[in-house]
1. Got a sec? Which of K107, K52 is part of a loop (DSSP other than H, G, I, E, B) and surrounded by 18 or more Cβ atoms within 10 Å (Cβ to Cβ)?
2. Scanning for something more than 22 Å from G137 (Cβ to Cβ), assigned to a loop (DSSP other than H, G, I, E, B) and assigned by TED's automatic domain parsing to the domain that holds L244, does the stretch 312-331 turn up at least one residue?
3. Give the residues of the stretch 236-278 that are aliphatic (A, V, I, L, M), in contact (Cβ under 8 Å) with a residue 24 or more places away in the chain and under 20 Å from T167 (Cβ atoms), sorted by residue number.
4. I'm trying to understand the selection: among the residues of the stretch 227-278, which are among the β-branched types (V, I, T) and part of a loop (DSSP other than H, G, I, E, B)?
5. Suppose we keep only residues that are assigned to a loop (DSSP other than H, G, I, E, B) and of a type in the set (G, A, S) within the stretch 281-311. Which one would you say is modelled with the lowest pLDDT?
6. Take F122 and decide whether it is surrounded by 15 or more Cβ atoms within 10 Å (Cβ to Cβ), part of a strand (DSSP E or B), out of contact with any His (no Cβ under 9 Å at 6 or more places or on another chain) and among the aromatic types (F, W, Y).
7. Does any residue of the stretch 217-226 turn out to be small (G, A, S), touching a His at 6+ places or on another chain (Cβ under 9 Å) and assigned to a loop (DSSP other than H, G, I, E, B)?
8. Any residue at all in the stretch 160-172 that is on the phi > 0 side of the Ramachandran plot and either buried (at least 16 other Cβ atoms within 10 Å of the Cβ) or modelled with pLDDT of 95 or more (or both)?
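The values are calculated or read from the model by the stated rules, or taken from the named source; none is laboratory data. Treat the numbers as computed from the prediction; the structure is a model and nothing was measured. Cβ placement follows ideal geometry from the backbone for every residue including glycine, while neighbour counts extend to all protein chains displayed.
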Amino acid sequence: MYQRHYSCTLASILLMLMFMEATCVQAQSSNSSSKRNLDAASTHYQVLSPTKTGQELVLCLARGACHNKILTCPSQCPVRKPKQNRKHKGCFIDCSSKCEVTCKWRKANCDGYGSLCYDPRFVGGDGVMFYFHGAKGRNYAIVSDDNLQINAHFIGTRPEGRTRDFTWVQALAVMFDSHNLVVSANRVSQWDDDVDALSIRWDGEAIEIPAEGDAEWKANGGEREVVVERTDNTNSMKVTVAGLLEMNVKVRPIGEKENKVHNYQLPADDAFAHLETQFKFTGLTNQVEGVLGKTYGPDYVSPVKRGVPMPMMGGEDRYETPSLVSPLCKVCRFKGQATTLAAI
């Protein structure tokens, strides 16, 4: 009798302990999920039905002063993704502590911080403009940090009598965790604004960005959401990798007039389509490296000469990588998983 009572009591205790453990795990999971849902982020919001005048509304979900507040796009830029990007600014919503909406062009600003344009000209995180020429057919680490690497592939030409190449950025590879996203300008013999010359590859596979609806493609790279969205009908896109970066990219050619003014001597069957890009980074470490990345270091002092027409930045040997998707260079810091090294 006592043995049976003892067994029943022990069984009851075990059941109670199992129930308490399950309840605890469920609570932890719920709290973790709740924290993820409320993690502070400028773009963490829920889109609501627009106003009668067509202005978009959002409910901010980010933690902080803006949590649960409703923000309205102004009449000057009533929607986040205007269909005619060249003529209309987009509504930029910031649900961080700023809690504001602003009107901005949805394209790279070649004079803004973190820009990479022309042949090629950079504006660093310190606001200093400089040129980094490199060489045609080579690849260079633009940014290299613990969780992020961005490489650029240069195209170019060297007219007779010149001692260096004219160069432009034809492709960018964004590497993080075990993934790579490659954005490239297609080779075009004759340029046409209405023909898309921008290609995207995700982990080596070509992806198509829809032209209708939200005109965007999404993927979850581990815990990070990746969004590629059109910011114009053709040749203009925005790439967002959650917690790491945003970049606005546009493809443009070298025009006939530009070719003559600079004496590039480009062949008649190649428009030399290339990328104009502006980056916005999140969470870079103090040890960040790369042609552009190092300019975001807290103690960085630019070595380029100020006040000259073309302030030059050297270091090609330090930043050159074996391929577009290789994280290896003399000063590279990226610690992503080995699968990032897959060739394209």
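1. None of the others qualify; the one that does is K107.
2. no
3. Hits for the stretch 236-278 are M247, V249, V251, I254, L266, A271, A273, L275.
4. T231, T234, I254
5. Within the stretch 281-311, the match that is modelled with the lowest pLDDT is G307.
6. Yes; evaluated as a whole, the condition is true for this residue.
7. Yes: one or more hits.
8. Among the residues of the stretch 160-172, not one is on the phi > 0 side of the Ramachandran plot and either buried (at least 16 other Cβ atoms within 10 Å of the Cβ) or modelled with pLDDT of 95 or more (or both), which makes the answer no.
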